[in-house]
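The values are calculated or read from the model by the stated rules, or taken from the named source; none is laboratory data. All figures in this text were calculated on a predicted structure; none of them were measured in a lab. Quick reminder, even Gly has a Cβ in these numbers, built from the backbone with ideal geometry, and neighbours come from all protein chains shown.
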Amino acid sequence: MDSGYQTLMSKIPILISIFFISAASGDKPPHYDWTPLKNVTDLDVVNLGMFAVTTHNSQAHTSLVFDRVVYSMMKVRTDICGTDYKLIISVRDGTGQGTDRFEAIVHRGIKRIHIQSIKLYIHSTKKTTPISIYFY
């Protein structure tokens, strides 16, 4: 046999044991963590924010108006083949009177985009009240 082949074959058990030790350690791969997006004015991020507000309006029978994405994060989901986006969105009510914050987690998969959760924060003079609406 070729000595290069023998060397390769002798290293396979070591590689397999390294794989099982790292898998058993229980650490999450880094792609399961939320990563902040630097450009909240990116067209994809803005479109996801507008989609979240439009979907919320149709489900909750409201007339919120998309203002802008204030903050965004993403994480890649290898378990369900897609990307989750957490968006903090500035919205106005239909009358244009007040500005509220809107948190949406939007999943963009291979074939479709859907809302995983929505929290609407209504600002008053005394406190911020979260109203949670979940879509699955």
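Some notes on this structure:
- Summed over region 32-73, the residues that are in a loop (DSSP other than H, G, I, E, B) and not hydrophobic (A, V, I, L, M, F, W, C) give a count of 8.
- Sole exception among (1) assigned to a strand (DSSP E or B); (2) touching a residue at least 40 places away in the same chain (Cβ under 8 Å); (3) more than 14 Å from residue 120 (Cα to Cα) for residue 86, by number: (3)
- Candidate set from region 33-87 (those that are of a type in the set (Asp, Glu) and touching a Lys or Arg at 6+ places or on another chain (Cβ under 9 Å)); member that is modelled with the lowest pLDDT: 33
- Restricting region 89-124 to residues that are in contact with a strand residue (DSSP E or B) (Cβ under 8 Å, 6 or more places away or on another chain) and not in a strand (DSSP E or B) leaves a set whose member that is modelled with the lowest pLDDT is 96.
- Test result for residue 91, within 21 Å of residue 33 (Cα to Cα), surrounded by 13 or more Cβ atoms within 10 Å (Cβ to Cβ) and of a type outside the set (Ser, Thr, Tyr): no
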